[in-house]
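K.L.:
Handing you this structure, nothing more for now.
None of the figures in this text is laboratory data; all of them are computed from the coordinates on show. Note that the coordinates shown come from a computational prediction; the quantities given were computed from them, not determined experimentally. Cβ placement follows ideal geometry from the backbone for every residue including glycine, while neighbour counts extend to all protein chains displayed.
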Amino acid sequence: MKIKFIGGSGTVTGSKTLIESNGIRILVDCGLFQGLKALRELNWDPLPVLPSTIDYVLLTHGHLDHCGWLPRLVAQGFTGKIYCTSPTKAVAKLVLLDSAKIQEEEASKANKEHYSKHEKAEPLYTVPQAEAVLPLFKVIQPNTSLVVANDIAAVFSNAGHIIGACTITLTLEGKTLVFSGDIGRDDDVLMFPPTKPSAADYIFLESTYGNRLHPDLDVKKELETYINNTIKQNGTVIIPGFAVERAQSIMYLLWQLKTEGRIPKVPYILDTPMGASVLDVFLEHMEWHKLSASDCYEMFRMFRIVSEFEQTTRIIEDPQPKVIVAASGMVTGGRVLSYFEKYIGIEKTTVLIVGYQAEGTRGRKLIEGAPEIKIYGRYYTVEAQIVQIEGLSAHGDQQDLVNWLSALKNPPKCIYLVHGENLPADELRVKIQDRYGFKCSVPFMGSEIEI
């Protein structure tokens, strides 16, 4: 069989891995590239194979960097089945429709305000194109063998990370291939610990935090401190949050702090077009997370849920101190940009960065100390306090990733380190080899292997 690393190699975005076996083509994940312009431009390029020749897509989870290119795939001819868990289907629907809406809005804004370098700015895909993906989703049961095609079986098992996220074990040609997806943390606030694989011939392991350990800090105390200090100065706290799961983790911690009387009574706002739909995903899939139904309701009741942009505009103009959670988490688009236009140049503003920031994103530039950032064709001076709280990441750190391999009964033939920038991936390679003696490789994007 042949394995082609179309995306998600040497970078944390654009995850796409193509498997060809006995005339069957399977794509594991179909993600959007984000961050550096050179990567984003790849979203406009065709795949190395015709989408119409791909038979199946297996989706590890519903984040944009894993499912966000599906509308392009379908628009270019894919008509096969997209297998995923029930919560991943629900999350992907929200994420894809939200992504399409944002792209349409940003293309319209660029044309209206004439800041696009193109004669006419076009969205990568439209809402109708995102909607065309939805009938192709086929829900699978976790921990149950699914016959994908003749002599090809797949098992989806919990990966932690976000609701519905899975590791996928493929059995074909007498070999076992394990695709980790994004591995969550053993001590996550909302998600259960990821399931460790016990057997594999080949493993395709994410390496997002391959060279980092999450600090052992009290994240609730950090949130309490930064919020109280900012509100005392009549400032605004902005938390760029991945709309699914990471935002809910933040909401949960803020709800705990509010219940304990440790943060002030000011407006707490969740601003995302997905709105309360995310609550429905959690309530309909209680077995996938640690919260009770009453916790979910109480947590969401604390927040003002904003869906319409007219509401966003009124909140922006309201001078009172407040705490805002708004997507996108890496500040690549979404409502958070509108808040930044108003508040990033105000010293009393605090921006709390709580998730991974890919290379080239505005979030990465902010934590690296950029003096200005570009939003909708204009540059804004950064006067706000920028704070990174690393203990809130949904990704496992180096120790989590190494420990995830600890249940293997026999050494795999090779571990391919993907979904990571080159340095973290290479340092994880060394760490795994030192601890287990397993053979590891860091594939280049576009490369192909035969096994």
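K.L.:
Amide H of MET274 versus every other amide H placed in the peptide plane: which residues, excluding those fewer than 5 positions away on the same chain, fall under 5 Å?
P.N.:
Under 5 Å from the amide H of MET274 lies no amide H from a residue far enough along the sequence or on another chain.
K.L.:
Please work out how much length the chain gains when fully extended from GLU260 to LYS37, using 0.36 nm per residue of separation minus the C-alpha to C-alpha distance, in nm with one decimal.
P.N.:
75.9 nm
K.L.:
Can you give the FRET efficiency to the nearest 0.05 for ASN111 and ASN22, using r as the Cβ-Cβ distance and R₀ = 60 Å?
P.N.:
Efficiency at R0 = 60 Å is approximately 0.80.
K.L.:
Please work out the Cα center distance from the range 46-98 to the range 245-288, rounded to the nearest Å.
P.N.:
Value for the Cα centre distance between the two parts: 27 Å.
K.L.:
May I pose another question? Pairing the Cα long axis of helix 219-232 with the longest principal axis of the chain, what angle in degrees results, from 0 to 90 and rounded to the nearest 10?
P.N.:
So the inclination is approximately 30 degrees.
K.L.:
Right, next: Considering the dipole of the range 219-392 built from charges on the beta carbon (Lys and Arg +1, Asp and Glu -1) around the Cα centre, which of VAL354, PRO264, HIS285 is farthest to its positive end?
P.N.:
My answer, from the dipole projection, is PRO264.
K.L.:
Right, another one. Nearest 5 percent is fine: what portion of the DSSP beta bridges confined to the chain is antiparallel?
P.N.:
45
K.L.:
Mean separation of Cα pairs under 8 Å and 6+ residues apart, divided by the residue count of the range 219-392: what relative contact order is that in percent?
P.N.:
Relative contact order of the range 219-392: 30 percent.
K.L.:
Just need the relative contact order of the chain here, percent rounded to a whole number, with Cα pairs under 8 Å and 6+ apart.
P.N.:
Here the relative contact order equals 20 percent.
K.L.:
Moving to a separate point now. Using alpha carbons only, how many degrees (0 to 90, rounded to 10) separate the axis of helix 86-113 from the longest principal axis of the chain?
P.N.:
60
K.L.:
State the answer as a single residue: which of PRO123, THR79, LEU136 lies farthest towards the positive end of the charge dipole of the range 10-155, with beta carbon charges of +1 for Lys and Arg and -1 for Asp and Glu, about the Cα centre.
P.N.:
LEU136
K.L.:
Of THR53, ILE316, SER180, which is farthest on the positive side of the dipole of the chain, counting Cα position, with +1 on Lys and Arg Cβ, -1 on Asp and Glu Cβ, and the Cα centre as origin?
P.N.:
ILE316
K.L.:
In the range 255-337, what chymotrypsin sites (Phe, Trp or Tyr not before Pro) fall in a loop by DSSP, with at most 15 other Cβ atoms inside 10 Å?
P.N.:
none
K.L.:
Quick one: angle between helix 246-259 and the longest Cα principal axis of the chain, in degrees between 0 and 90, rounded to 10, please.
P.N.:
Computed tilt is about 40 degrees.
K.L.:
Next question. Checking the cross-link filter: which aspartates and glutamates have an alpha carbon closer than 13 Å to that of LYS2, excluding same-chain neighbours under 8 positions apart?
P.N.:
Qualifying aspartates and glutamates at Cα under 13 Å: GLU20, GLU173, GLU448, GLU450.
K.L.:
Using a simple charge model, +1 on the beta-carbon of Lys and Arg, -1 on the beta-carbon of Asp and Glu, nothing else, what dipole does the range 54-182 show about its Cα centre, in debye to the nearest 20?
P.N.:
Using only the charged Cβ atoms, the result is roughly 160 debye.
K.L.:
With charges only on Cβ, +1 for K and R and -1 for D and E, what is the dipole size of the chain about its Cα centre, in debye, rounded to 20?
P.N.:
Here the chain has a charge dipole of around 140 debye.
K.L.:
Among 182-193, 16-27, what's the highest-first ranking by average C-beta atoms within 10 angstrom per residue?
P.N.:
Per-residue mean Cβ counts within 10 Å order the peptides as 182-193, 16-27.
K.L.:
Let me ask something else about it. When we measure straight from the Cα of LYS342, which aspartates and glutamates land under 14 angstrom away, once same-chain ones fewer than 8 places off are left out?
P.N.:
Candidates past the 8-residue exclusion: GLU317, ASP318, GLU372, GLU383.
K.L.:
Consider the candidate values (1) 21.3, 65; (2) 21.9, 69; (3) 23.4, 82; state which one is Rg and Dmax of the Cα atoms in Å computed from the structure displayed.
P.N.:
(1)
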